[in-house]
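First comes the structure, then the notes that go with it.
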Amino acid sequence: MVPLIDTTVDGHVHTRLCKHAVGEMEEYVEQAVRRGLTTVCFLEHLETDIAYQPPCWLDDDEFAYYFEEGLRLKERYRGVVAVRLGVEMGCNPAAIDAIRHRLKRYPIERIGLSCHFHQHGLSHLNLLSRRPQSLDRLAAIGADAVISTYFATLIKAVASLDCDVLCHLDAVLRHLPGITFNNEHRGQIAQLLDAMQGKDIALEINTSGFDYRGSAFPAPWIISAALERGIRLEAGSDAHHPSEVGRYFDQLPHYLEPLCR
Ligand SMILES: [Zn+2]
Ligand SMILES: [Zn+2]
């Protein structure tokens, strides 16, 4: 039987370059070696036309360094661990053409799709931050409406942008207590999974969720719904510190097994 997930591949790690993670790229690679992984894929934050301070993504100069240093590490660790260079592409529905243009400029090996920002007037609020500057204002707009917009954005992104994997599908408003998905949201999730199935986009099992809430992103029922559709699962630690590379991967086979009906 084919295993549900390859736990020797960490498909989602960050570096100090995004300004909210710590550690050099090589420190993440070193940790992947210590964990016995076969592959580590950097998935650095690429955001386009987002009005938010301070920036928590890479600018053009940082991406230039990222791909240069990444190529050096690929060579240096050849035969030890495979190093892949990807981006976590934040979808801004108002900037689809600009995103496409930027993707073409870089030698990207893997694209993770996510949505981290909610447009509010002329600026953006961070859907995944615990800072009150975003969280309080998102709560005032209304969690249900914000979540609907979030899923609508992902549905639009899957239809209009190329990507390989959808990251932390239900991490929206993860710091707002008591978040629940209503029937509309559940319908949107079904629509999103159908679209992913149609384009062979994998679902990320994001193990940072074990630290945030005791279970991976997304919730078990969403993983089951993905497996029913034959959607591939790919593991990502979403490491923002080198020690987090491959976190909880040893638990994943046992965790996922009962979700396969
Ligand atoms: Zn990040
Ligand atoms: Zn993310």
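The values are calculated or read from the model by the stated rules, or taken from the named source; none is laboratory data. All values reported here derive from a predicted model rather than from experimental measurement. Backbone-built Cβ (ideal geometry, glycine too); neighbour counts: all protein chains shown. Protein only, heavy atoms only, side chains kept; ligands, DNA and RNA dropped before computing areas. Shrake-Rupley method; radii C 1.70, N 1.55, O 1.52, S 1.80 Å.
A few comments on the model shown:
- If only residues of region 1-50 that are outside any loop (DSSP other than H, G, I, E, B) and basic (Lys, Arg) are counted, the one that is nearest to ALA64 (Cα to Cα) is ARG16.
- Check on ALA171, among the aliphatic types (A, V, I, L, M) and either at pLDDT 95 or above or surrounded by fewer than 22 Cβ atoms within 10 Å (Cβ to Cβ) (or both): no
- Of the residues examined, ILE222 is not one that is at pLDDT 95 or above, of a type in the set (Val, Ile, Thr) and under 23 Å from CYS41 (Cα atoms).
- In this structure, LEU135 does not satisfy being farther than 21 Å from ALA235 by Cα, open to solvent by less than 10 Å² (accessible area, probe 1.4 Å) and in contact with a Ser or Thr (Cβ under 8 Å, 6 or more places away or on another chain).
- Of the residues making up region 90-125, just one is open to solvent by 30 Å² or more (accessible area, probe 1.4 Å) and touching a Leu at 6+ places or on another chain (Cβ under 6 Å), namely GLU109.
- Complete set of residues in region 115-165 that are in a loop (DSSP other than H, G, I, E, B), more than 23 Å from ILE201 (Cα to Cα) and away from ligand 1 (no atom under 16 Å from the Cβ): GLY121, LEU122, GLY142
- The set of residues in region 44-68 that are within 16 Å of ligand 2 (Cβ to nearest atom) and surrounded by fewer than 12 Cβ atoms within 10 Å (Cβ to Cβ) is empty.
- Given (1) within 16 Å of ligand 1 (Cβ to nearest atom); (2) open to solvent by 20 Å² or more (accessible area, probe 1.4 Å), index of the condition PRO177 fails: (1)
- With respect to the stated conditions, HIS168 fails to be within 16 Å of ligand 1 (Cβ to nearest atom), in contact (Cβ under 8 Å) with a residue 40 or more places away in the chain and out of contact with any Gly (no Cβ under 9 Å at 6 or more places or on another chain).
- Enumerated helices (runs of 4 or more DSSP H) restricted to region 207-261, each holding at least 3 residues that are within 16 Å of ligand 2 (Cβ to nearest atom) and open to solvent by less than 50 Å² (accessible area, probe 1.4 Å): 208-213
- Filter result (within 15 Å of THR48 (Cα to Cα) and within 16 Å of ligand 2 (Cβ to nearest atom)) within region 105-144: ILE111, GLY112, LEU113, SER114, CYS115, HIS116, PHE117, HIS118, HIS124, LEU125, ASN126
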